[in-house]
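Trainee: My questions all concern the structure below.
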Amino acid sequence: MKHLSILGATGSIGTSALDIVRMHPDRFQVKALTAANNLPLLCRQIAEFTPDMVAVLDAAKARELTRMLTGPCRPDIVFGNTGYVQAAAWDTTDIVLLAMVGSAGLKPALAAIDAQKDIALANKETLVMAGDIIMSRAREKKVSIFPVDSEHSAIFQSIMGNQVRDVKQIFLTASGGPFRNTPKEAFAKITREDALNHPNWSMGDKISIDSATLMNKGLELIEAVHLFGVCHEDIQVLIHPQSIVHSMVGYRDGAVMAQMGVPDMKQAIAFALSFPDRLGLDMGFPDFAQLQSLTFHAPDTRRFPSLELAREACRQKGSLPAVMNAANEVAVQAFLDRRMGFVDIFRIISATMACHTCIDNPDLSGIIEADQWARAKAESLI
């Protein structure tokens, strides 16, 4: 029996994880849940999974949640960053599913590591911002970090049983998002609704926009550098519209290992939570006879400059990845709020990065300072 803290319980990853708990009540017990705003769903989750504690966004949400709870389960209710950190380090938890969106996941990740809790990581921004610190501290505390992103889970599974020193190339696949065939001149007309309409995956708003800009692939590239100890030059991004091959690993003898499956996050989530076991899931296999072909091509960085921005952040290292991430979060939110256009997302990120004086080997306070500077700068540019 594994005891779970699920941070981001009402999002797409969190709800999928609870589906897995529901399928395997003999394998998992929920000890802590966190959410930001979706209190009705959180109430239903509390009634079903009876956690010991719950964390929400702020004091007002905590009071509202207390009023809404009518069943016998009365968990401790805390709030804010302090509450999220408490959930991550909850005493009876074995593994923390970190499914919060954006930079909000950094402090809970560090708290989980310091409390020697294994992490199922769905929050790529944590490693983008502070990958060196996170991985170093995890090694020091002997904490395992299991990737939940389907691409990184695929890489992890494709490396299993092999020597990391034999890895020569990682092939990071991308669906290409909803605009993979859209001419650049049409980007100025892209609406919020267009960008949220992903052809293959059901995701939250921020992640959907990142997929539309291919920034999700830029963030995943940086994440892979830290998770697998490779150089960004050894990671090739490939557009794979069918989303069947979730990623591949090439070895120095020319062998390529691929992990495939239907485009559903449950397999990656379940594998991270149950490792080294594989759970029975109510999922089928791809219908290969109907697929007929699997296609791959290089991304168009002229239309989608996010990948080059991410590679520049990898080259300079230091505080620049945190600046890129913060600028992206601000720009995406401005687009979602209809304050600027789709192509402006690229412009704001690029301009913010260009204005930053990179700090080499920043400590945690330096990373947070760079994050805050970038948010203010991006906002001023908007």
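Trainee: For the list (1) in contact with a Phe, Trp or Tyr (Cβ under 8 Å, 6 or more places away or on another chain); (2) over 30 Å from VAL323 (Cβ atoms), I need the number of the one condition that THR213 fails.
Mentor: (2)
Trainee: Mind listing just one residue for me: the one in the stretch 262-301 that is farther than 12 Å from ALA17 by Cα and among the hydroxyl-bearing types (Ser, Thr, Tyr) and, of those, surrounded by the fewest Cβ atoms within 10 Å (Cβ to Cβ)?
Mentor: Per the stated criteria, the residue is SER293.
Trainee: Being more than 18 Å from GLY176 (Cβ to Cβ) and free of Cβ contacts under 8 Å to residues at least 60 places away in the same chain is the filter here; which residues of the stretch 287-315 pass it?
Mentor: Answer for the stretch 287-315, where residues must be more than 18 Å from GLY176 (Cβ to Cβ) and free of Cβ contacts under 8 Å to residues at least 60 places away in the same chain: ASP287, PHE288, ALA289, GLN290, GLN292, GLU312.
Trainee: Can you tell me which of ILE345, ILE367 is closer than 28 Å to PHE179 by Cβ, in contact with a helix residue (DSSP H, G or I) (Cβ under 6 Å, 6 or more places away or on another chain) and either modelled with pLDDT of 95 or more or charged (D, E, K, R) (or both)?
Mentor: Testing whether each residue is closer than 28 Å to PHE179 by Cβ, in contact with a helix residue (DSSP H, G or I) (Cβ under 6 Å, 6 or more places away or on another chain) and either modelled with pLDDT of 95 or more or charged (D, E, K, R) (or both) leaves just ILE345.
Trainee: Filter the stretch 138-165 down to the residues that are in contact (Cβ under 8 Å) with a residue 60 or more places away in the chain, closer than 15 Å to VAL225 by Cα and not in a loop (DSSP other than H, G, I, E, B) and list them by number.
Mentor: Of everything in the stretch 138-165, those that are in contact (Cβ under 8 Å) with a residue 60 or more places away in the chain, closer than 15 Å to VAL225 by Cα and not in a loop (DSSP other than H, G, I, E, B) turn out to be ILE145, PHE146, PRO147, GLU151, HIS152, SER153, ALA154, ILE155, PHE156, ILE159, VAL164.
Trainee: Is it the case that the stretch 150-167 has a residue that's touching a Leu at 6+ places or on another chain (Cβ under 9 Å) and farther than 28 Å from ALA298 by Cβ?
Mentor: No, that holds for no residue.
Trainee: Can you give me the number of residues within the stretch 318-334 that are under 20 Å from the mean Cα position of the chain (by Cα) and under 18 Å from ILE133 (Cα atoms)?
Mentor: Total satisfying the criteria: 8.
Trainee: Residue check, ARG252 against (1) modelled with pLDDT of 95 or more; (2) surrounded by 20 or more Cβ atoms within 10 Å (Cβ to Cβ), all met but one. Which one?
Mentor: Tallying (1) modelled with pLDDT of 95 or more; (2) surrounded by 20 or more Cβ atoms within 10 Å (Cβ to Cβ), ARG252 fails exactly one: (2).
Trainee: Here are some residues: ARG347, ARG315. Which one is surrounded by fewer than 16 Cβ atoms within 10 Å (Cβ to Cβ) and under 14 Å from GLY218 (Cβ atoms)?
Mentor: ARG315
Trainee: Are any residues in the stretch 104-131 more than 17 Å from the chain's Cα centre (by Cα) and touching a residue at least 40 places away in the same chain (Cβ under 8 Å), and if so, which ones?
Mentor: LYS117 - this is the single residue of the stretch 104-131 that is more than 17 Å from the chain's Cα centre (by Cα) and touching a residue at least 40 places away in the same chain (Cβ under 8 Å).
Trainee: Return a yes/no flag: does the stretch 124-138 have any residue that is surrounded by fewer than 21 Cβ atoms within 10 Å (Cβ to Cβ), modelled with pLDDT of 95 or more, under 17 Å from PRO108 (Cα atoms) and among the basic types (Lys, Arg).
Mentor: yes
Trainee: Read through the list (1) part of a helix (DSSP H, G or I); (2) assigned by TED's automatic domain parsing to the domain that holds THR295; (3) at pLDDT 95 or above; (4) surrounded by fewer than 20 Cβ atoms within 10 Å (Cβ to Cβ), then give the number of the only condition that LYS168 fails.
Mentor: Of the numbered conditions (1) part of a helix (DSSP H, G or I); (2) assigned by TED's automatic domain parsing to the domain that holds THR295; (3) at pLDDT 95 or above; (4) surrounded by fewer than 20 Cβ atoms within 10 Å (Cβ to Cβ), the odd one out for LYS168 is (1).
The values are calculated or read from the model by the stated rules, or taken from the named source; none is laboratory data. These numbers were taken from a predicted model, which means no experiment stands behind them. Methodologically, a virtual Cβ is constructed for each residue, glycine included, from the backbone with ideal geometry; neighbour enumeration extends over all protein chains shown.
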